[in-house]
Amino acid sequence: MPYLIHIAILFFIYAILGVGLNLIVGYAGLLSVTHAAFYGIGAYATAVALAHYGLGFFASVILGIVITAIVSLLAGMVLSKFKDDYYALASFGFNVIAFSIFLNWESVTKGPLGIPGIDRPSLFGFTFSANETFLALAVVLFGAVYALAHFIANSSFGRVLKAIREDEKALEVFGYKVAYFKLAIFVIGAAMASIAGSLFASYITYIDPSSFSLNESIFILAIVIMGGLGSLRGTLAGALFLILLPEILRFVGLPTDIAAQMRQIIYGAILVLLMLYRPKGFIGEYEVK
Amino acid sequence: MDAIRTKELHKHFSGVAAIDGLSVAFEQGKVTGVVGPNGSGKTTLVNVLSGMLPPTAGVMVIGGEREMKGLRASDTAYHGITRTFQEVRLFEQMTVLDNILVVLTERSVWGSLFERHNAGHMKKVETVLTRVGLWEKRSQLAHNLSYGQRKLLEIARVLAMTHSDHIGQDASIFLFDEPFAGLFPEMIKVIVSVIKELKEAGKTVILIEHNMNLIRELCDHLIVMDSGKLLAEGKPDHVLAKREVIEAYLGE
Amino acid sequence: MDKITKIIVGVIVVVVIIWGGYALMGKPAAGGTITIGFVGPLTGDAAVYGAEEKNAITLALKEINEAGGINGKTLAVVYEDGKCAGKDATTAAQKLISVDKVKVILGGTCSGETLAIAPIAEQNKVIVMSAFSSSPDITAAGDYIFRNSPSDLDVAKGYANYIVNKKGYKNVAILSENTEYGVGVRKVFVDEMNNLGGTVTTDEMFKQGERDFRGMIAKIKAANPQAVFVNPQAGATGGTAIKQIREAGITAPIFSTYTFGGEDGIKAAGTAANDVVFFDVVGLSGEKGKALLDKYVPIYGNIAGNTFDVGARYDTVFIIAGALKQCGEDSECMKDYLYAMGNYDGVLGSYKFDANGDVVGIEPMTVKIIKDGKIEELK
Amino acid sequence: MGIIPQIIANSIIAGAIYALIALGFNLIYRTTKFFNLAHGALTVVGGYAMFFLYKELGWNVYASAVLAIVFAGFVGYILDKAIFRQLRLRKASQMVFLVASLGLLTVIQAIIAILFTSQFQTLANNSTESRVYTIAGGIITQTQAIILICGIVVLALLTLMLKKTMFGRAVNAVSDDEEVSKMVGIHTDKIIGWVFFIGSAIAGLSGILVGFDTGLEPTMGMHLLLKGVIAAIIGGVGTMHGAFAGAFLLGFAENFGVWQFSGEWKDAIAFIILIIFLLFRPQGIFKK
């Protein structure tokens, strides 16, 4: 059923984004609202690499990760000077700046025209053109990202992140250079978003700046918060719910223009209700204090 | 030989001198009490000595030769200093076990990524938690513990710093900021024995406390502070008998 | 995991299963109906165009079905929201193709939508018929991709030609909206200005949906151009810009494009709209166009977005109906029918499709002028 | 150069709009200590309430304006009582407030989009020629002059209220320390409720003025809010005159930035300034 496969692919792309962001927000407690910027860098790296430089898909994924790592390192250094809501606001700023660059750097991103005709990935001669095969690739990449996230979460590093979330200053006194940890997880999370971006570009075969706006970052944050901060399985539930919501509304038979606004109302209302009654999210472990 | 000494130490908060030219020495291997009425600068002193607050002026000397203007919080442990907090600061939504493990594990980003806690770690955690009687509660979240248990967990965390092989130097200077406040007698006994053991092990203890009986029982030396200055210092019995110390406490 | 979380997870799983089953089974295609799909922006900035295309389709459907439908079967359309964005357009197209099993998709409206759904349509041999996507990239988007909206290339050349040669204004300022349409027109317009020996005094771009143009207008005023060409994506931005140009005391004549020419644009510009000349792409001025307006306005009110878009979409329904009558739901046969269709005499005049599925024969522009709120033909 | 006076005029106008939003935002921030993103939605509520009364029902412009402002204030009051008050009782962190207010912004904007469609609306009655004034070569329209005057009047009223009135002193007490004020017997919830009412009313006013100047659409709430928040932070968050100064600094920086670079970079310039200030002068121009 190509429609179900299409939804599954979108689910895995957003699950990768959610897992990356959960490491930053759920584990380290850094409210970053600029994840879509790194998602965009990955997408544009792949689009430009495939279209102009004839690089293979997997090479473009690595290129995307490298560029995103550098950009997120710089962004992370600036952001590490801020706390809580100032951090969130400054991260709003990075997303807006990145979006303006995607929109106005015409020579590379072709601005609002977007980049059409991005080829599907190919490996040793086999191209993932059919959706079923692309779904397999998406599952493999998601598996790798999830395994890495799981590995990080259960390592001493993961435990240090949680301690940072709980009481950063107290942890510092016990010999931890907290800024390095925050920077490291920020870059790792950003790199994961870049992978999702490469997948998205090569799947939809056309990208334009509108998919990497501030609202997209807020949407990914909603996935993580709804699913549950500090729980990777929670992010999967959050992604599944928020990807399915508009599709279910499609079949509920609401008049189409009301349906889209209904989606916004439901997802906004859920954010409010979760904060009031269940800050842990669906399967969360960390209760946002 | 003094483990840590301050010279003309100042700490001003927008005009108010919390510490006003304090020069004191904490002798190696001794328990030194710090007493004084509320707001006399005791906690500020501990915060400066543990790098939580940068001093406005003056110098700190650690181990007799390492002289420094201020101390970065993340370097405190590497100078062998560790502390507890007046209001308990634990990692609330982490288990008791994790609260201790986090102090025993790798301090570098790269190292910690590839480190999993193993039997060696668990043994150290067991000894430390059994010492304060919290081993059975190890899988509880810190914020679910009672007030007394949370105080004991902080003590356990500080004890764990003597087993932390990633710091390259076991903790040698212990700052206790009102560890006994609001505890039941049997918990007080536990902490008293811990402090005595630390002293026998040649560690330096700096104890902020209001309970004069405990001060007399534990301290070899006593420092009395009042509005950021050194009011008096010496043997506990001798110092506590002084008129101006009593006046400072009871107020004119 | 405590009890509540188990319940929540359980609920999600149940919802997925029910919904999956329902989607797999797909709507049973009632024997007597032929279903085709529509993808266009029903929410977001470009929602006005999507909504008006939907009205045009409903009107056309009523007429076709009352006249016997397609060989006795009624023609029905499933509307999906493309949000003028690639991701949502592909989701909508996938749903239409695999759940509703459509063989024809009317839309996308925005070029971004059409470009995103083109590969899926090619793969599934589904006809895509756009009425408003003007990006040059669509020309080579595929064999099954058609559109009766002229590409920016030939249209924008005409604008420059009219301003420089016909009106004799040599130095002109251009103020464009930073969207696919605006950028397309601007590039062609500026190149053509240089070829014709005119000079572009100031070339300003503003972000999509901008409301405050004063900074850019100050620059335009300083260069005091003979004429100002406002190149917006929507009436709202175009009209507000023109209002602020007049407020800033610029008296030079203003030219604009059909995207400004709707009721929205005139409402936003207010009195500043007077004497603004805009290049409409064949509006509904022909007698077939007037007939459509007489049917459209009483039901849906004045056209706020763009008259060309409504007329073009109305025509596409009839063109597709013609193809369906001939070939039934065999998209391969419909494709060939459309290429070989010859001139279709529609609301926009008589036109046909070239080998790339682009439109040939639509008179690229008719010049219009606004006189105290009314739009008049300018000979 | 003929252009400089006009750029100054433009900067002042933009500054006045940002000032109104920043003042309302600051009043609420200094009392509740969280970034209330829903504040943006209240500008939209005010604007559309005015549109409904003045344009659709055709009421007198002044009556509808007052009603719309009161309505926006009332919506803000309800939001505080229904949602933010519970979070305050639970001593929730700023992150929780931020996310909750983000949810509210999304919900309110979607409801308005359903009620009034997401089409562009304008409050200006474009039939009459809007009067234009020239000050030293810079041109300001009547609406823009009104915005400027409202900005100054609101600043004056707010500073007066906070300094001279009993209510003002209570608000200052709550802003300094909510716990202590409770102990001293100030009914903090009532005060915070009123602060939300006034702050939201100011937001409604700014929504109406923007509606007259450049028009209304449901999604403009977030954009206006972000500019207002940047202005508040640059000026020194929590101070009234800080918000005012920050707004004009932002207005000038944006307009001169657009002059030097180009229009597309306006939003990016605003955030770059914010980040520079956060790095080098986080307490803003006027330290609280």
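When DSSP beta bridges are restricted to pairs lying wholly in the protein assembly as shown, around 45% turn out antiparallel. Under a 5 Å amide H cut-off, with hydrogens placed 1.01 Å from N, residue C:171 pairs with C:199, C:226 among residues at least 5 apart or on other chains.
Treating each Cα of region A:148-269 as an identical point scatterer and ignoring solvent, apply the Debye formula and state log10 I(q)/I(0) at q = 0.18, 0.19 Å⁻¹. With no solvent term, the Cα-only Debye profile gives -1.12, -1.19. Among B:167, B:102, B:127, which residue has its Cα positioned farthest towards the positive end of the charge dipole of region B:85-171, with +1 placed on the Cβ of Lys and Arg, -1 on the Cβ of Asp and Glu, and the dipole taken about the Cα centre? Checked the options; the winner is B:127. Summarising the amide proton neighbourhood of residue C:77: residues at separation of 5 or more, or on other chains, whose placed amide H is nearer than 5 Å comprise C:36. Using a cutoff of 8 angstrom between alpha carbon atoms and counting only pairs six or more residues apart, the relative contact order for region C:134-270 works out to 22 percent. Model label points for residue A:107 and residue D:114, set 7 angstrom from Cα along the Cα-to-Cβ axis, are 4.9 nm apart. Taking the longest Cα principal axis of chain C as reference, the axis of helix C:235-247 is set at about 20 degrees.
For a paramagnetic label modelled on residue C:165 (point 7 Å from Cα along Cα→Cβ), amide N atoms under 12 Å away are absent within region C:255-279.
Assuming a ≥ b ≥ c are the square roots of the Cα gyration tensor eigenvalues, decide whether region D:188-288 counts as rounded (a/c under 1.5), prolate (otherwise, with a/b larger than b/c) or oblate.
Oblate shape, in that a/c is at least 1.5 and b/c is the bigger or equal ratio.
Mind checking the mean number of beta-carbon atoms from other chains within 10 Å of the Cβ atoms in C:202-210?
Shielding by partners across C:202-210 averages 5.
Measuring r between the beta carbons of residue A:73 and residue D:260 and using R0 = 25 Å, the FRET efficiency lands at 0.30. Which angle from 0 to 90°, rounded to the nearest 10, does the C-alpha axis of helix D:266-280 make with the longest principal axis of chain D? Computed tilt is about 40 degrees.
Rg to Rh for region A:102-171: what is it, with Cα atoms only and Rh by Kirkwood? Here Rg/Rh amounts to 1.24. Under 5 Å between amide hydrogens, built in the peptide plane, is the criterion, and for residue B:56 it picks out B:10, B:11, B:12 among residues at least 5 positions away or on other chains. Along each principal axis, taking the top coordinate minus the bottom one, the Cα set of chain A gives 54, 45, 34 Å in descending order. The value for region D:5-114 of Rg(Cα) / (2.2 N^0.38 Å) is 1.22. Here the contact order of chain D, divided by its residue count and restricted to Cα pairs under 8 Å and six or more residues apart, works out to 37 percent.
Annotation: average projected area of region B:85-171 is 5.7 square nanometres, based on the convex hull of Cα atoms across all directions. When chain B is described by a simple charge dipole with +1 on each Lys and Arg Cβ and -1 on each Asp and Glu Cβ, the residue from B:239, B:52, B:23 located farthest towards its positive end is B:52.
Dipole orientation for region A:189-289: of the candidates A:201, A:288, A:267, A:288 has the Cα lying most toward the positive pole (charges on Cβ; Lys, Arg +1; Asp, Glu -1). The mean sequence separation of alpha-carbon pairs under 8 Å and at least six residues apart, normalised by the residue count of chain B, gives a relative contact order of 28 percent. Peptide D:213-226 shows a mean partner chain C-beta count of 4 within 10 Å per residue C-beta.
Cβ-Cβ distance of residue C:65 and residue C:371, R₀ of 45 Å, FRET efficiency by 1/(1 + (r/R0)^6): the value works out to about 0.65.
Would you mind classifying region C:153-280 by shape? Square roots of the alpha carbon gyration tensor eigenvalues, ordered a ≥ b ≥ c; an a/c under 1.5 is rounded, otherwise it is prolate if a/b is larger than b/c and oblate if not. Since a/c stays below 1.5, the shape of region C:153-280 is classed as rounded.
Using the Cα centre of region A:2-277 as the reference point, and only Cβ charges (+1 on K/R, -1 on D/E), how large is the resulting charge dipole? Debye, rounded to the nearest 20.
The calculation lands at about 420 debye.
Can you give me the % of accessible surface on chain B that is carbon or sulfur? Probe 1.4 Å, all protein chains present, nothing else counted. For chain B, the apolar C and S fraction of the accessible surface comes to 55 percent.
The GNM of chain B, with springs linking C-alpha atoms under 10 angstrom apart, assigns the highest mean-square fluctuation among B:85, B:114, B:180 to B:114. For the protein assembly as shown, what D do you get in µm² per second when you plug the Kirkwood radius from alpha-carbon pairs into Stokes-Einstein at 4 °C and 1.567 mPa s? Estimated diffusion coefficient is 39 µm²/s.
Distance from the alpha carbon centroid of region C:303-356 to that of region C:219-258 works out to 36 angstrom.
Region C:140-161 and region C:166-212 have Cα centres lying 18 Å from one another. Calculated mean residue ellipticity, 222 nm, chain A: -25000 deg cm²/dmol, from DSSP H runs (n ≥ 4) at -39500 (n - 2.57) each, averaged per residue and rounded to 500. Among C:80, C:329, C:63, the residue with the largest mean-square fluctuation in a Gaussian network model of chain C, with springs joining Cα atoms closer than 10 Å, is C:63.
Take D:56-65, C:367-376 and order them by the average number of nearby Cβ atoms within 10 Å per residue, most first; the result is C:367-376, D:56-65. Helices in chain C, meaning DSSP H runs of at least 4 residues, each add -39500 (n - 2.57). Divided by all residues, the mean residue ellipticity at 222 nm is -14500 deg cm²/dmol. Beyond 23 Å in Cα-Cα separation lie the following of the pairs C:288/C:368; C:54/C:290; C:187/C:371; A:83/D:81; D:33/D:163: C:187/C:371; A:83/D:81.
Long hydrophobic helices in chain A: the complete DSSP H runs spanning 18 Å or more by Cα along their own axis with mean Kyte-Doolittle hydropathy of at least 0.5 are A:2-22, A:35-53, A:57-79, A:84-104, A:131-153, A:178-204, A:214-227, A:232-252, A:256-277. Phi-derived couplings, Karplus 6.51 cos²θ - 1.76 cosθ + 1.60 at θ = phi - 60°, listed residue by residue for region B:71-77: 10, 7, 3, 6, 8, 3, 4 Hz, with x used for Gly and Pro.
A simple spin-label model places pseudo-atoms 7 Å from Cα toward Cβ; at residue A:122 and residue B:126 they are separated by 6.0 nm. Whole-Hz Karplus values for region D:114-121 come out as 5, 5, 10, 6, 8, 6, 6, 10 Hz, taken residue by residue from phi with 6.51 cos²θ - 1.76 cosθ + 1.60 and θ = phi - 60°; glycine and proline positions read x.
How many percent of DSSP beta bridges within chain C run antiparallel, rounded to 5? Bridges in chain C that DSSP calls antiparallel: roughly 30 percent.
For the protein assembly as shown, a simple Cβ point-charge model (Lys and Arg +1, Asp and Glu -1, everything else neutral) yields a dipole of about 2120 debye relative to the Cα centre. Here chain B is assigned +1 on the Cβ of each Lys and Arg and -1 on the Cβ of each Asp and Glu. Its dipole about the Cα centre then comes out at about 340 debye.
Across peptide A:241-248, the average count of Cβ atoms from other chains found within 10 Å of a residue's Cβ is 3.
Cα convex hull, chain C: 163 Å³ per residue, rounded to a whole number. Put the Cα centre of region D:220-258 next to the Cα centre of region B:166-230 and the gap is 52 Å. How fast does region D:102-242 diffuse by Stokes-Einstein, in µm²/s, taking the Kirkwood radius from C-alpha pairs at 4 °C and 1.567 mPa s? After rounding, the answer is 73 µm²/s.
Could you tell me how many degrees, from 0 to 90 and to the nearest 10, lie between the Cα long axis of helix C:152-161 and the main elongation axis, the longest principal axis, of the Cα atoms of chain C? With rounding to tens, the tilt is 20 degrees. Compute the whole-percent fraction of alpha carbon pairs in region B:1-160 spaced more than 27 Å apart. Result: 36 percent of Cα pairs exceed 27 Å. By the equivalent-ellipsoid construction on the alpha carbon gyration tensor, region B:2-58 comes out with semi-axes of 19, 13, 10 Å, ordered largest to smallest.
The values are calculated or read from the model by the stated rules, or taken from the named source; none is laboratory data. Quick caveat: nothing in here was measured; it's all calculated off a predicted structure. Methodologically, a virtual Cβ is constructed for each residue, glycine included, from the backbone with ideal geometry; neighbour enumeration extends over all protein chains shown. Surface accessibility is based on the protein's heavy atoms, side chains included, excluding ligands, DNA and RNA. Shrake-Rupley method; radii C 1.70, N 1.55, O 1.52, S 1.80 Å.
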